[in-house]
Amino acid sequence: MRSPHASDDASRPPARSRRTLVVALVAVVVLLLGGGAAVLALSGDEEDAPTATEPGEPADEKGDPGVAVPTRVVRVAGKLHPAAERRLAKQLRVLLEEYVEDAYVGRGKAFPGFTDKARRLARRDADVTTGRRLGAGDGEPPVLRSGRVRVAVLSPRPRQPVGATAAVRLVLTADGSRSTVTGQLHLTPTRRGWQVFGYELAMSGAGGRVDASTEKDGTSGGNR
Amino acid sequence: MTASTRTSRLDARRGRGRAYRWRRTALLAVVLAVAALVVPDPSLRSTPASLVKVDRADGVDHDRRMVWVLVLGSDARPGDPPWRSRADAIQMVGLNLETGRGVMIGVPRDSYVPIPGRGSDKINAAMTYGGPPLMARAVGDLVGVRPDYVFTTTFEGLQSMVYTAGGVVVQSRFDITDPKMPGHVRQGRNRLDAREALFFSRARYALPRGDFDRSANQQALLRGTLATVRSRLDRPGFFERGVLSVLRNTNTDLSPVELYRLARAVTKVRPDRLRGCVIGGSFGTAGGASIVIPDVSTARRLGNEARNDGTFERGC
């Protein structure tokens, strides 16, 4: 036997359809208010949701570097004490944020945190290792839309990491076009702290074209 | 309730449903039209596919342009120190870290040469007389190039490293079986596991030129290992696990940091630019033992040609 309310329900629009209408209306409002940026939000693209730092990471004592590139140790060959791992992640994050801010956002060629020879090599490859080809030279500086670093560490002893590979992914925009920088930075500890001694980077989308790739990982950074 | 009443009610519901669907369709059409009109052209647009130019750059800071590494395979049995046993595999490897080119000079283990302070003997005996340093001097005297580094591993160590790499792919010039050890490698491309890799580097009885061809196979194994490692470098942690395996399975006086940087530089060498030559010679006997009398002039020429740029100008 049917419920007495069944006939009333049948005479009303189904709940799913009401939701569709509400979503459509909300979409219009959001589109009107949010403009172009909302397009990405609705498309499920999370790249533009900047996160200040890794969860639990304190703000940089040396001051706001301007960009946030969350850095996480994801692989350890050998053994690495948790405290040493946290310390390493923080050191690499600060180093890489300084590099990204100087080279890609600031279009600079100082390459902070690089060894002398690696700096010379990187200047030779400035088309890829910096943001100098992003946008017009006299236009707005590139903006870091998202960034993330995943670190693999070699640590034969629990408190003595001896080398690290930082897998980097940066998404930058400049003058309306988007570019993606991916690749690896190779680091070892030196007397000056951890330094980049090698790199293997690729830049796609530079020169006005658009990279269709989407960020799969939710953790992302960006300009602060 | 009569049948006609039920029918009229159902008709009324159907009518309301149709009206609702029309309203919904109209509203969605309005939404889309408004969105098309008012949404500004987004500065960032995701497209389902695009052709994107990708620029690449790479570089590694190493304090040497040319690196010479003496790679030794010791026949030490499990538990024995590798530097107190004979060296079965002797490869002098020169790598140009700027050009990505390299050479391998294979030395037959039975090469009869002067060993500093010990008179003449088979070159692999230098390992038992004075360990890797004396081997480095003996091989250096033969080819005219002093190695910067010496790496010594054992049968176990080789297998452990190949296991860590997940196997290696090699090109074999021969179909190989050996009456003295189990295993089989077919001519052409082979994917070798740890045990098969050891077989490939040791088997010699079925090879046309015995120890000379075995030395060439060892070079094929080194080239295949480099290719395999390079193809997996984008796997998170693969490089670090490999270096850890080298640390644990080789004898070297490099610090872990130095080894890490050297290994990263070595991976910049392209396998297709890694040429290998085996020092030729003739067979003879000394003290009742069969020996190889090496072609010293060719050994020196190979060393001279490759010393500074890692290439053989005139081939093998």
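Annotations for the structure displayed:
- Subset tally (residues that are within 12 Å of chain B (Cβ to nearest Cβ), surrounded by 17 or more Cβ atoms within 10 Å (Cβ to Cβ) and not β-branched (V, I, T)) for the range A:106-124: 6
- Any strands (runs of 3 or more DSSP E) falling wholly within the range B:75-117 and containing at least 2 residues that are of a type in the set (S, T, Y) and in contact with an Asp or Glu (Cβ under 8 Å, 6 or more places away or on another chain): none
- Selection within the range B:188-206 - among the small types (G, A, S) and within 13 Å of B:T228 (Cβ to Cβ): B:A194, B:A197
- Those residues of the range A:178-199 which are without any contact (Cβ under 8 Å) to a residue 60 or more places away in the chain, surrounded by 24 or more Cβ atoms within 10 Å (Cβ to Cβ) and of a type in the set (S, T, Y), in sequence order: A:S179
- Residue match in the range B:136-157 (condition: of a type in the set (S, T, N, Q) and either out of contact with any Ser or Thr (no Cβ under 6 Å at 6 or more places or on another chain) or surrounded by fewer than 22 Cβ atoms within 10 Å (Cβ to Cβ) (or both)): no
- Residues of the range B:225-278 classified as within 19 Å of B:V60 (Cα to Cα), hydrophobic (A, V, I, L, M, F, W, C) and at the interface with chain A (Cβ under 9 Å from one of its Cβ atoms), total: 8
- Residue within the range B:298-316 that is closer than 17 Å to B:A216 by Cβ and in contact with a Lys or Arg (Cβ under 6 Å, 6 or more places away or on another chain) present: yes
- Hey, A:E97 surrounded by fewer than 24 Cβ atoms within 10 Å (Cβ to Cβ), among the charged types (D, E, K, R), more than 10 Å from chain B (Cβ to nearest Cβ) and within 18 Å of A:L185 (Cα to Cα) or not: no
- Complete set of residues in the range A:125-139 that are within 20 Å of the chain's Cα centre (by Cα), more than 9 Å from every other protein chain (Cβ to nearest Cβ) and over 30 Å from B:D63 (Cβ atoms): A:L134, A:G135
- Unique match (being surrounded by 20 or more Cβ atoms within 10 Å (Cβ to Cβ) and farther than 14 Å from B:G166 by Cα) among B:R202, B:R189, B:R209: B:R202
- For B:A126, the conditions (1) of a type in the set (G, A, S); (2) more than 23 Å from the chain's Cα centre (by Cα); (3) more than 17 Å from B:D75 (Cα to Cα); (4) crowded, with 24+ Cβ neighbours inside 10 Å are fulfilled apart from (3).
- With respect to being closer than 29 Å to A:T188 by Cβ and in contact (Cβ under 8 Å) with a residue 24 or more places away in the chain, B:R275 falls outside the description.
- Subset of the range A:185-200 that is facing chain B (nearest Cβ under 8 Å) and not hydroxyl-bearing (S, T, Y) - its residue that is nearest to A:R133 (Cα to Cα): A:E200
- Residues considered: B:P82, B:P78. Of these, the only one that is touching a residue at least 60 places away in the same chain (Cβ under 8 Å), more than 30 Å from B:R273 (Cα to Cα) and surrounded by 23 or more Cβ atoms within 10 Å (Cβ to Cβ) is B:P82.
- Flag if B:R301 is in a helix (DSSP H, G or I) and surrounded by fewer than 17 Cβ atoms within 10 Å (Cβ to Cβ): no
- Leading residue by the ranking (farthest from the other protein chains (Cβ to nearest Cβ)) among those in the range A:154-177 that are surrounded by fewer than 19 Cβ atoms within 10 Å (Cβ to Cβ) and among the basic types (K, R): A:R159
Since every read-out is calculated from the coordinates, none of them should be taken as a lab result. Not measured: the values here are computed from a predicted model. Cβ atoms come from the backbone with ideal geometry, glycine included; neighbour counts cover every protein chain shown.
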